[in-house]
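First comes the structure, then the notes that go with it.
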Amino acid sequence: MSRFKQASIKANMLLMEGLTEMHDTKYAFYNNLAKHSSKLTAAWYGIFTLALTLIISLGFTDIIFASQPGGDVFTRANTAMVGVLAQVRTISSIVAALFLTLAFLMKMLSRNQRTVDDANMWIKRIAIAWACINAVGFILTFIQEIIGTDVALPTL
């Protein structure tokens, strides 16, 4: 009976210590939140102002660029996107080939099994990253082909 009572007392003491520690952590969180609330509020207003300015400026740039040669904002964005995607494909292919070569040489020239395993993991990572980077470009090109270039989006 006394062992059960001692175990019960120890369990209650551990529970009280845990609850006290949890209360102190919660108090510290709310104390820090109250201390930094003015900074959080200023950050929120800054983000809101930035988003609002961006939305308004995009509307005005469409009106401004519509009268100039070269079309509206969407035509210019399409031209820029095609150029950027071509550069991304080229750069990612060159970098992937370079690092794949290095990883393959590490794999072939090393006698340490850990280095060989690391090289195999890096080869997989590089291949997956290259495929994902180029897949984004292919998906954007595919979506553009589905939508077409003659779609007129509403302007302000």
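The values are calculated or read from the model by the stated rules, or taken from the named source; none is laboratory data. In this text, all values refer to a predicted model and were calculated from it rather than measured experimentally. Positions of Cβ are generated from backbone atoms using ideal geometry, with glycine treated the same way; all protein chains shown enter the neighbour counts.
Below is a table of values for the structure above.
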| read-out | value |
| --- | --- |
| Condition met for THR101 (within 24 Å of the chain's Cα centre (by Cα) and polar (S, T, N, Q)) | no |
| Condition broken by GLY83, with the remaining ones in (1) at pLDDT 70 or above; (2) touching a Ser or Thr at 6+ places or on another chain (Cβ under 9 Å); (3) within 30 Å of ILE143 (Cα to Cα) satisfied | (2) |
